[in-house]
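So the structure is just underneath, and the comments pick up after that.
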Number of protein chains: 4
Amino acid sequence: MTVLNPEARTMTTMKDLKGFCYPLTPGGTSSLVGEMPWHYAAEYVNIVYRADPAAIAAYLPEPLEPGPEPDIAYVAFSKWWALWDNQPEMAFTNPERTQYRECAIWVGCSFQGTPGQICLQIWVSNDFTLARGWFMGFAKKLGQTYITEYHPLNPAMHPLGVGSKLKGYVCAHGERIIEGTMEIAHKISPADLPKPMGLPVFHIRHFPSIVRGAPPSVLELVRLGVANLRFSEEIWAGNGTLTFFPSDIEEHMTLVPREIIGAYHFSLGYSFPGGEVLFKWV
Amino acid sequence: MTVLNPEARTMTTMKDLKGFCYPLTPGGTSSLVGEMPWHYAAEYVNIVYRADPAAIAAYLPEPLEPGPEPDIAYVAFSKWWALWDNQPEMAFTNPERTQYRECAIWVGCSFQGTPGQICLQIWVSNDFTLARGWFMGFAKKLGQTYITEYHPLNPAMHPLGVGSKLKGYVCAHGERIIEGTMEIAHKISPADLPKPMGLPVFHIRHFPSIVRGAPPSVLELVRLGVANLRFSEEIWAGNGTLTFFPSDIEEHMTLVPREIIGAYHFSLGYSFPGGEVLFKWV
Amino acid sequence: MTVLNPEARTMTTMKDLKGFCYPLTPGGTSSLVGEMPWHYAAEYVNIVYRADPAAIAAYLPEPLEPGPEPDIAYVAFSKWWALWDNQPEMAFTNPERTQYRECAIWVGCSFQGTPGQICLQIWVSNDFTLARGWFMGFAKKLGQTYITEYHPLNPAMHPLGVGSKLKGYVCAHGERIIEGTMEIAHKISPADLPKPMGLPVFHIRHFPSIVRGAPPSVLELVRLGVANLRFSEEIWAGNGTLTFFPSDIEEHMTLVPREIIGAYHFSLGYSFPGGEVLFKWV
Amino acid sequence: MTVLNPEARTMTTMKDLKGFCYPLTPGGTSSLVGEMPWHYAAEYVNIVYRADPAAIAAYLPEPLEPGPEPDIAYVAFSKWWALWDNQPEMAFTNPERTQYRECAIWVGCSFQGTPGQICLQIWVSNDFTLARGWFMGFAKKLGQTYITEYHPLNPAMHPLGVGSKLKGYVCAHGERIIEGTMEIAHKISPADLPKPMGLPVFHIRHFPSIVRGAPPSVLELVRLGVANLRFSEEIWAGNGTLTFFPSDIEEHMTLVPREIIGAYHFSLGYSFPGGEVLFKWV
């Protein structure tokens, strides 16, 4: 039988456990997500479209309201390079912990007269971004997103430019869910990107109770902060298409496109300094 | 411009959004996890061992305390077949949504004099079990677990029995983290499985705040319920080994084995009817 | 500068390199596939159907011919446990190297009056079975196959039996390609399994030349051997369905079902002792 | 019984089946690899080192010989963008079919007095590059390669330049196999890249027989062609490290580094027009 130092039995309090999230550990280095601010860069292929405004409104519980254009939505296919603040060397320590892909359905909304946007459904390729998203009210599931890339040194690939055709698609649990395409037509500036892109993000944070039938432990409306925003020099606009595929278990079909507005290919970077709670349902 | 039915703008309230967890939707069928009770079957290869009791105690914040054997721990490699209650046909609807694998480090603990167990670190193969685990206080990350299987019809495989050698290992983000082996020696009955296997599960549920630097939104001690427990007819015991591999980002090394107690191969089934909250830190 | 033993420069001949296939190495232990015989067990969900006989015939080059039922085909969803002969401990050494899943389209054929079967398209989950298949004339690509499983200890799962519903599906490069279902109706014996299941396998082995435009290096008709064949005690028959999904790059749609014959769920084991070459096209 | 057009039974000959490789089909569009030339772009992190020359020589069967520096080797971590000639739109049709990653061990060699290089072991992330590699004599297995990336728009990432630290690693079947790091020190020109990088590639093509114990169907020495070679403007050189991890089933440990020469980060593009056969062992 191991002899135990009796003092060891009484020394641990919750403040001795560290980590932004699970696992909470004595060392705090294995937390699935590290400390805010979180720092991002993303490359996007976004298809902006109009959906059934009633279908969008059905996702916007009071005090959220439909936005000024109550039928506006977009699907964003994206690649990400991310860091949290307290492990700034992670892209070197373990590259896999800093790269991922995702596909998201965004719609316009508003809160107390402020136009904004909300992400309704989203699939991502890794666990840390899934968890980090949950903390921000992103309803993330795992999925695989693929996006066209043209490398300028490949002798058979034309460098990206007017006329280039891009495709993104996402699949999850063996189903292709959404596919989007874009044909590049011309350059625009960041101010030309159509809303709700760029508007404040209003999200619903949720965490269930452990007690069967009880109200959720967390159910609150939040606004996500943003800092250090910068855009790529090149922002491409063009024509787009979107195909939503039926699924046995997903619910994206009510948000199916009625009309395509345009397609946009660009990169940006920003930091997430945290958010603020606007309203609590429980 | 789409003409909007003005009534659509005011009809949605939070009670119109359904789903046990994200995504909260009008239909409620795409929730990553469905309603309790949750129903499980698992096949285990478990290696029971002694670790540094101070290292274990460092994971047990008041009012949790070390258990009667403060150095006891086990690593569980397991395959799972799971359902939630409101989509009982899911193994047919989409088989992928009902099968996964995991590897976990468990240790003994106690709460107000009741001996129990707590899972300190765990890696799983899918998103729905990651999320479901988070709701139960499992600190789940994604990882790949592989476990020896002998099919009795393979002409070169000996059917499982005395002398059979089994291996489990788990890898995540490109690192093999833990490897365990077992050589089957004899059969035992469920009552012979050494504690803390079978003891009540005390877990710490945690969900961070969206506000930088704020206390977590959820930080509570819970006890997990269990119902419908049944064991496989065959429960095998034998000798075991465990190897913990160093990692750049994981913290399992403080829990490294000092002595191996034994190894166990068996299956069980149970339902999870929900849990109860024992204590709140915030 | 390293001092080199001059004899080392002249000692290596091709017979010093070992391995059944790539990589050929001095040690011969890292070969992606080991030595024959190869030993298998499989669990199947097979849907037997009729296709366009002209579409099948278009896959059967002389001296292969259509079989006695020129429109018969089946889709096989299966799980595998496999070993090669010279590393009989591999299920313990590395479990991942012995387990995989696949989905295949088989059709009837004949050679010089002997009825047989040929696998036209097939997707598998791992590299070693992809390579091993290529050596046997299976046109294997990577894909993910999922199959319904009911664990008898799960409190919400009914043990497998009459009325059980099973589904298999395969997806590759983000596309679901084929989905099949079965509802179990009754037990049968191995002799009741409809042909071409159980018939000799005639395959086309192919390996391209490195010289652009040159004939392939290998293009031969082979017959695969089988030994140690044994079936599971329980062989289930029932009703089936099949859905072929369109693809941007796959060619299974010409083999789409016209009529479903039946569905079969069973396990078997066998050894592959090698094959014989029947005909060479080059 | 289906009525069969009798002419359909006799019309198919081998020339009716199309495809560069498996599957050979009437349409020829689902071949796992398309027609030469093949077109590539790659981004490399390469660590050049000295190994045991006897270990290298043991991989070089006559008429291959050790190169002018018989101990020179390098590990290449790389990302790829590839097309085959007859499906030039594939990066749009299905982006997943044009992107992959790999890690390879290369060594110097020579043939009839011509210095060259040969890839001894290599792990790749996808099926089409695995197969295409086999046709060129690359001993490809599946593995996952991760490489540091710094996106210039991420507020916490320093743009790539002097002082940047890069890591690559490869894992397969649950084992991390090789890890390499680089710290960028200065720019160089393509001519400064140390040999054997840039030398002709001499490879051993191999395809086993289906007959147990028979000589392989293909065993030949080839030289790979190259066309349209172009380099990135920026070629970075610096210091490097390499760690080879022991494996239960891989054989890279005999090629472990004795001394690190340098590390190189650059991109290039080229076309592969086919190769020539230099020698046949069977």
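This table checks each residue for (1) within 9 Å of another protein chain (Cβ to nearest Cβ); (2) in contact (Cβ under 8 Å) with a residue 60 or more places away in the chain; (3) basic (Lys, Arg).
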| position | (1), (2), (3) |
| --- | --- |
| D:Tyr146 | yes, no, no |
| D:Leu160 | no, yes, no |
| D:Lys165 | yes, no, yes |
| D:Gly168 | yes, yes, no |
| D:Cys171 | yes, no, no |
| D:Glu175 | yes, yes, no |
| D:Ala185 | no, no, no |
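Please work out which residue is least open to solvent (accessible area, probe 1.4 Å), limiting yourself to segment D:150-168 and to residues that are more than 30 Å from C:Ser30 (Cβ to Cβ) and touching a helix residue (DSSP H, G or I) at 6+ places or on another chain (Cβ under 8 Å).
So the residue we want is D:Met157.
Scan segment C:135-148 for residues that are in contact with a helix residue (DSSP H, G or I) (Cβ under 8 Å, 6 or more places away or on another chain) and assigned to a helix (DSSP H, G or I) and report the count.
Qualifying residue count for the region: 0.
With the requirement that a residue be part of a strand (DSSP E or B), over 24 Å from D:Val256 (Cα atoms) and touching a Leu at 6+ places or on another chain (Cβ under 9 Å), what does segment D:72-99 give you?
Listed by number, the list holds a single entry, D:Trp81.
Inside segment B:50-66, can you point out the residues that are assigned to a strand (DSSP E or B) and surrounded by 23 or more Cβ atoms within 10 Å (Cβ to Cβ)?
Across segment B:50-66, the qualifying residue is only B:Leu64.
Among (1) in contact with a strand residue (DSSP E or B) (Cβ under 7 Å, 6 or more places away or on another chain); (2) β-branched (Val, Ile, Thr); (3) within 30 Å of B:Val218 (Cα to Cα), which single condition is A:Ile249 missing?
For A:Ile249, the failing item is (1).
Is it the case that some residue within segment C:202-213 is more than 27 Å from C:Trp84 (Cα to Cα), part of a strand (DSSP E or B) and aromatic (Phe, Trp, Tyr)?
no
May I ask you to verify whether B:Arg132 is open to solvent by less than 50 Å² (accessible area, probe 1.4 Å) and on the phi < 0 side of the Ramachandran plot?
yes
Might you check whether a residue that is open to solvent by less than 10 Å² (accessible area, probe 1.4 Å) and modelled with pLDDT of 95 or more occurs anywhere in segment C:187-194?
no
Anything in segment B:195-212 that is within 15 Å of A:Val277 (Cα to Cα) and open to solvent by less than 10 Å² (accessible area, probe 1.4 Å)? List them, or say none.
B:Phe207, B:Pro208, B:Ile210
Residue check: is D:Leu199 at the interface with another protein chain (Cβ under 8 Å from one of its Cβ atoms), touching a Ser or Thr at 6+ places or on another chain (Cβ under 9 Å) and either polar (S, T, N, Q) or on the phi < 0 side of the Ramachandran plot (or both)?
Here the answer is no, as D:Leu199 does not meet what is asked.
Any idea how many residues of segment A:229-282 are more than 14 Å from chain D (Cβ to nearest Cβ), surrounded by fewer than 15 Cβ atoms within 10 Å (Cβ to Cβ) and farther than 30 Å from C:Phe245 by Cβ?
Selection size over segment A:229-282: 3.
State all residues of segment A:23-49 that are under 30 Å from B:Gln121 (Cα atoms), open to solvent by 10 Å² or more (accessible area, probe 1.4 Å) and not hydroxyl-bearing (Ser, Thr, Tyr); if no residue qualifies, say none.
Correct list: A:Leu24, A:Pro26, A:Gly27, A:Gly28, A:Glu35, A:Met36, A:Pro37, A:His39.
I'm checking my understanding of the structure. Among residues of segment A:10-52 that are acidic (Asp, Glu) and closer than 25 Å to B:His203 by Cβ, which one is nearest to the other protein chains (Cβ to nearest Cβ)?
Across segment A:10-52, the extreme among qualifying residues is A:Asp16.
Would you say B:His151 is at pLDDT below 95, within 14 Å of chain C (Cβ to nearest Cβ) and not in a strand (DSSP E or B)?
no
Name every residue in segment D:101-124 that is under 11 Å from the mean Cα position of the chain (by Cα) and either within 12 Å of another protein chain (Cβ to nearest Cβ) or outside any strand (DSSP E or B) (or both), in order of residue number.
D:Arg101, D:Cys103, D:Ala104, D:Ile105, D:Ile118, D:Cys119, D:Leu120, D:Gln121, D:Ile122, D:Trp123, D:Val124 - these are the residues of segment D:101-124 that are under 11 Å from the mean Cα position of the chain (by Cα) and either within 12 Å of another protein chain (Cβ to nearest Cβ) or outside any strand (DSSP E or B) (or both).
Only one of (1) in a loop (DSSP other than H, G, I, E, B); (2) touching a residue at least 60 places away in the same chain (Cβ under 8 Å); (3) surrounded by 23 or more Cβ atoms within 10 Å (Cβ to Cβ) is not met by C:Glu69, so which one is it?
(3) is the only condition that C:Glu69 fails.
Quick one: in segment B:72-99, of everything that is more than 9 Å from chain C (Cβ to nearest Cβ) and surrounded by fewer than 20 Cβ atoms within 10 Å (Cβ to Cβ), which residue is nearest to B:Arg223 (Cα to Cα)?
B:Asn86
The values are calculated or read from the model by the stated rules, or taken from the named source; none is laboratory data. Everything numeric in this text was worked out from a predicted model, so none of it was measured. A quick note on method: Cβ atoms are made from the backbone with ideal geometry, for glycine too, and the neighbour counts reach across all protein chains shown. Calculation scope for accessible area: heavy atoms of the full protein, side chains included, ligands and nucleic acids excluded. Shrake-Rupley method; radii C 1.70, N 1.55, O 1.52, S 1.80 Å.
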